[in-house]
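Each remark here refers to the structure printed beneath this line.
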Amino acid sequence: MNTRLIYVMGPSGAGKDSVLDWLRAHLPAHMPVHWAQRTITRPASAGGEAHEAIDTPHFLDLQSRGQLALAWQANGLHYGVRHTELAPLQQGHWVLVNGSRGHLPQALQSHPGLQVVHITADPATLVQRLTQRQRETPEQIQQRVARASAFVVPQGAIEILNNRSLDAAGQQLLLALQQLASWPRQQD
């Protein structure tokens, strides 16, 4: 069982990417932590995380040839994580994966013992953030918030409520990770 795989997930509008960016900026560079790059059927020019951008046929080919350790669909896109992105686990490193709530059952089955991190926010905060993005209709936003509210966080998951400052949420995540057995300790 490998407990060094951290599977981070959360609803749209929770600020998951921002909290992960905060964590990346505040971890010492020498720590044995690898940030798994995702393969996504979204152009690199679309912004957001630095990902491997490919088209749908290429993604499906990778998936059919067993090149992806994790693969799922969400919001009309295909997401995946190549096996090579999880290889640092074999050298004793921790690996953080930006995952999906919908794919969690499959991820738990293929990687028993992974540590789930659920980053969320209260419904009013989600509505506010999603409305500010201006990508969806009010009805679509309400559907997203309803799905987020209905999600049952698995037992043993680290839950981060990102309602206040980014610094507060980042500190909460860092502290929770430092409490995990064998999390690399900062050396002076």
Report the residue count in region 96-124 for those that are in a loop (DSSP other than H, G, I, E, B) and among the hydroxyl-bearing types (S, T, Y). 1
Checking the conditions here, which among A168, A148 is in a helix (DSSP H, G or I), surrounded by 12 or more Cβ atoms within 10 Å (Cβ to Cβ) and touching a strand residue (DSSP E or B) at 6+ places or on another chain (Cβ under 7 Å)? A148
All but one of (1) of a type outside the set (D, E, K, R); (2) touching a residue at least 12 places away in the same chain (Cβ under 8 Å); (3) surrounded by fewer than 14 Cβ atoms within 10 Å (Cβ to Cβ) hold for S12; which doesn't? (3)
Tell me whether region 110-118 contains one or more residues that are small (G, A, S), over 19 Å from P32 (Cα atoms), buried (at least 20 other Cβ atoms within 10 Å of the Cβ) and touching a residue at least 24 places away in the same chain (Cβ under 8 Å). no
For region 61-91, name all the residues that are farther than 25 Å from R133 by Cβ and exposed (fewer than 15 other Cβ atoms within 10 Å of the Cβ). D61, Q63, S64, R65, G66, H83, T84, A87, Q90, Q91
How many of the residues making up region 171-188 are surrounded by 14 or more Cβ atoms within 10 Å (Cβ to Cβ) and either assigned to a helix (DSSP H, G or I) or at pLDDT 95 or above (or both)? 6
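Residue-by-condition table, conditions (1) of a type outside the set (S, T, Y); (2) under 15 Å from the mean Cα position of the chain (by Cα):
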{"site": "G13", "(1), (2)": "yes, yes"}
{"site": "D21", "(1), (2)": "yes, yes"}
{"site": "T39", "(1), (2)": "no, yes"}
{"site": "S45", "(1), (2)": "no, no"}
{"site": "A53", "(1), (2)": "yes, no"}
{"site": "T56", "(1), (2)": "no, no"}
{"site": "Y79", "(1), (2)": "no, yes"}
Of the residues in region 61-95 that are assigned to a strand (DSSP E or B) and out of contact with any helix residue (DSSP H, G or I) (no Cβ under 7 Å at 6 or more places or on another chain), the one that is farthest from L177 (Cα to Cα) is L77
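The values are calculated or read from the model by the stated rules, or taken from the named source; none is laboratory data. As the structure is a prediction and not an experimental result, all values here were calculated from the model. Here the Cβ is made from the backbone with ideal geometry for all residues, glycine too, and neighbour counts use every protein chain on show.
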